Structure formats: C-alpha cells, structure tokens
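Heads up: the structure comes next, in structure tokens.
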Amino acid sequence: MPTGTISSSKDTVGVAVVNYEVPVVETKEQVLANCRKIAQYVEGSKRGYPGLDLMIFPEYSTQGFHPTKWKDLTTTVPGPETAIFSDACRKNKVWGVFSITGEHNPKGAPFNSFLLINDKGEIVLNYHKILPWVPMEPWYPGNETMVVDGPKGLKVGAIICYDGNHPEIVRDTVMKGAELVIRIQGYMYPSKDQQRMISQVRAWENLTYFAVANMAGRDLVYSYFGCSNIVDFDGRVLAECGTGPGEVQYALLSLSAIRDARQNWTAENHLFNTLHRGYTAIPPDGVAECPFDFYKLWVTDPQKCKQMVENLTRATAIPVVATTH
C-alpha cells in the first residue's frame with residue numbers, strides 16, 4: 001500500500017499505532033487521569049488523520065505496572081477506565097484498542113486484557129493474554145484466541161506482548177479468519193531487534209496484516225524501546241515509530257488486497273499450502289493430515305508432551321541454579 005496520506009476509503013482501513021509513554025501511577029485517581037490523556041490522543045489523532053478508523057495503544061498504557069502497587073490498581077471490565085475510552089471512541093467515531101492490567105478475575109489472579117471498542121463505544125472483544133511473560137508477570141493465563149469483525153468489516157485478531165513470540169497463537173488467530181493481528185506490548189530493552197523482526201515474520205508467514213503498539217520511556221523498573229509498527233501481509237513495514245514516547249504512526253490497510261492475496265497467491269500462500277501439502281506431486285489437493293508429532297501429542301496427551309519438553313529444557317519453573325544462590 002502507498003504511504004504518506006492521512007485519508008482512507010471504503011476499501012482501506014486507516015490504522016494508527018502509538019508509542020505511548022509508560023505511565024507511573026500509584027492511585028486509581030492517577031489511572032483515570034491517564035485514561036483522560038489517552039482519550040486526548042484519540043481526539044487529536046482523529047483531527048490529524050481524518051481517515052483514522054482504528055487507533056491502538058500498548059499493553060500497560062492504562063495502569064502501568066507498578067512493582068509493588070499493581071494489585072491496588074486492578075479494575076473491572078466494563079469499569080470507569082473503559083467508560084472514558086468508550087466515550088472517546090464514540091465522540092470521535094473511531095475504533096480503539098486499549099489495555100487493562102489487570103482485570104478482576106473471580107478465579108484468582110487478575111487478567112491481562114486487550115479490549116477492542118467500536119466507534120459506538122461498545123466493547124466488542126476482551127482477550128486475555130494466553131502466555132504471560134514469566135517469571136515476572138502475575139496475570140492469570142487466558143485460554144482462547146479471538147477474532148471479531150472490525151472497522152469496515154476487517155477481521156481483527158488480538159495478541160498481547162509475549163504471546164507474539166509463539167507462532168502457534170498467531171497461526172490459530174489467523175486460521176479463525178483474522179486479516180489484521182494486533183499485538184499490544186510493553187517490551188523493553190534489550191529485546192528491540194528481535195521484536196522488530198517478529199512483526200515482519202509473523203505477518204509474512206501468516207499472510208496477514210500485523211500492527212504493534214509498544215510502550216516507550218522508562219518506569220520504575222525497565223526502559224521501553226517503542227518502535228510501534230504496521231506491517232503488510234507480505235512482511236513489508238508500512239509505518240514505524242522511532243524510540244521516543246508520544247510518537248504516532250499511521251498507515252492504510254487494503255481490504256481487497258489481502259483478500260486477493262489469500263485467494264490467488266500460490267507459492268507464498270502459507271495458509272493454503274499448510275493443509276494442501278505437496279499438491280503438485282499429489283494432485284489436485286495434496287495431503288491434509290498433520291505431519292507434526294509434537295502437535296499431535298500435545299492434543300492427545302498433554303502431560304506426556306509436557307514431559308518431553310521438560311526433558312529438552314528443565315523440570316522446574318525456575319532454573320535450579322537460580323534457586324541455589
């Protein structure tokens with residue numbers, strides 16, 4: 001897609017990602033003040049990019065991740081924070097992606113939540129992070145990938161930060177129909193190079209648009225590298241922020257282009273080819289059966305599969321050498 005415009009059309013979805021400055025907040029009043037700042041970003045960006053359809057804020061952009069007071073900042077969905085976000089989306093006729101860390105969970109520890117709010121102010125998706133970043137994150141793991149119809153009918157899927165390091169989550173999300181996979185993250189140095197590469201790899205291997213919103217700046221623990229970006233389904237970067245806080249980048253996603261690619265590409269159509277292996281040699285459809293023993297074992301005998309993984313790695317959550325010092 002061409003870049004450099006601030007408009008959109010019926011065939012294109014205007015998407016913005018934000019290098020939001022990591023908030024350091026200690027009270028719920030400070031959290032709500034930060035939510036109002038996020039709402040101002042939505043309003044200002046819609047003025048600057050009239051074609052804006054979808055705006056994406058990073059993981060931890062709402063409550064931050066205070067090392068000792070994070071439990072005091074948990075909330076409900078819906079709640080006072082989402083009320084501010086919903087109002088901003090409705091007033092500006094923009095869809096928005098927002099982070100709640102954490103969301104009250106009746107089962108135990110809070111969830112790390114990705115919220116998609118439509119241009120009417122309705123919460124249409126609440127995804128819970130499946131793979132919290134261990135050993136640091138205390139969030140209760142989710143167990144379901146999610147895809148919904150987004151702006152202009154674009155099918156939107158959700159992942160959060162460390163989720164994106166696991167190819168299975170993105171592939172499962174795309175196989176549910178996602179045309180845009182959104183990754184909200186709070187990734188810090190020294191992982192900048194790896195995370196920038198992953199955006200392009202995940203987009204290309206799944207024939208999907210991929211958008212990342214990352215934190216920037218420093219909190220009480222880490223420094224965050226920003227580099228929020230938007231990648232097309234061929235793995236090309238359409239737009240990318242630098243490392244500074246407060247940056248916003250904008251790009252257009254073509255609905256017809258990605259649908260044409262999935263329908264008509266052959267050699268690099270990884271989605272089709274995975275389930276039609278070797279159709280040149282075995283016409284017309286190739287082989288559909290799964291050839292991967294690891295995945296077959298995971299489904300049929302997860303405990304045995306877990307043992308196999310522990311034989312490759314270790315049997316304890318924390319390495320033994322780390323617990324002896």
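So with the 1.4 Å probe, I'd like the accessible area per residue for the chain, rounded to whole Å².
Numbers: 15250 Å² over 325 residues.
Value for the chain: 47 Å² per residue.
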Here are several values of Cα extents along the principal axes in Å: (1) 166, 44, 44; (2) 62, 59, 34; (3) 60, 41, 35. Which one was derived from the coordinates shown?
(2)
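Restricting to segment 146-269, compute how many DSSP beta bridges are antiparallel as a %, nearest 5.
On the way: 13 of 24 bridges.
So the antiparallel bridges amount to about 55 percent of the total.
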About the Cα centre, charge dipole magnitude for the chain (Lys/Arg +1, Asp/Glu -1 at Cβ), debye:
320
Among M175, P135, P190, pick out the residue whose Cα is farthest towards the positive end of the charge dipole of segment 118-210, where Lys and Arg carry +1 and Asp and Glu carry -1 on C-beta, about the Cα centre.
P190
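Could you check what % of the DSSP bridge pairs in the chain are antiparallel, to the nearest 5? Intermediate results must be reported in sequence, preceding the final value.
Details: 34 of 54 bridges.
Here the antiparallel bridges make up roughly 65 percent for the chain.
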Cα gyration tensor category, rounded, prolate or oblate, for segment 91-247 with a/c compared to 1.5
rounded
If the chain between T243 and Q307 were fully stretched, how many nm would it gain, using 0.36 nm times the residue separation less the Cα-Cα distance?
19.0 nm
Taking 0.36 nm per residue of separation and subtracting the Cα-Cα distance, what length does fully extending A33 through M136 add?
34.4 nm
Out of C89, G64, P110 - ranked by how far each Cα lies towards the positive end of the dipole of the chain, with unit charges on the beta-carbon of charged residues - the top one is C89
Amide H contacts of V18 (H built 1.01 Å from N, under 5 Å, at least 5 apart or other chain)
I56, N214
Using a 1.4 Å probe on the protein heavy atoms, what percent of the accessible area of segment 123-163 belongs to carbon and sulfur?
58
FRET efficiency (K296, N105; Cβ distance; R0 51 Å; to 0.05) is 0.95
Show me, for segment 128-136, the HN-Hα J-couplings you get by feeding each phi into the Karplus relation (A = 6.51, B = -1.76, C = 1.60, θ = phi - 60°), rounded to Hz, glycine and proline as x.
9, 3, 7, 10, x, 6, 8, x, 8
Can you pull out the chymotrypsin sites (Phe, Trp or Tyr not before Pro) in segment 283-325 whose DSSP state is coil and whose Cβ has at most 11 other Cβ atoms within 10 Å?
F292
Run lengths n ≥ 4 of DSSP H only: what is the helix-derived mean residue ellipticity at 222 nm for the chain, with -39500 (n - 2.57) per run over all residues, to the nearest 500?
-9000 deg cm²/dmol
Under 5 Å between amide H atoms, partner at least 5 residues away or on a different chain: which partners does S223 have, H built in plane at 1.01 Å?
Y189
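The values are calculated or read from the model by the stated rules, or taken from the named source; none is laboratory data. Keep in mind that this is a model prediction, so the values were computed, not measured. Cβ: placed from backbone, ideal geometry, glycine included. Neighbour counts: every protein chain shown. The area values use the complete protein model at the heavy-atom level, side chains included, leaving out ligands, DNA and RNA. Shrake-Rupley method; radii C 1.70, N 1.55, O 1.52, S 1.80 Å.
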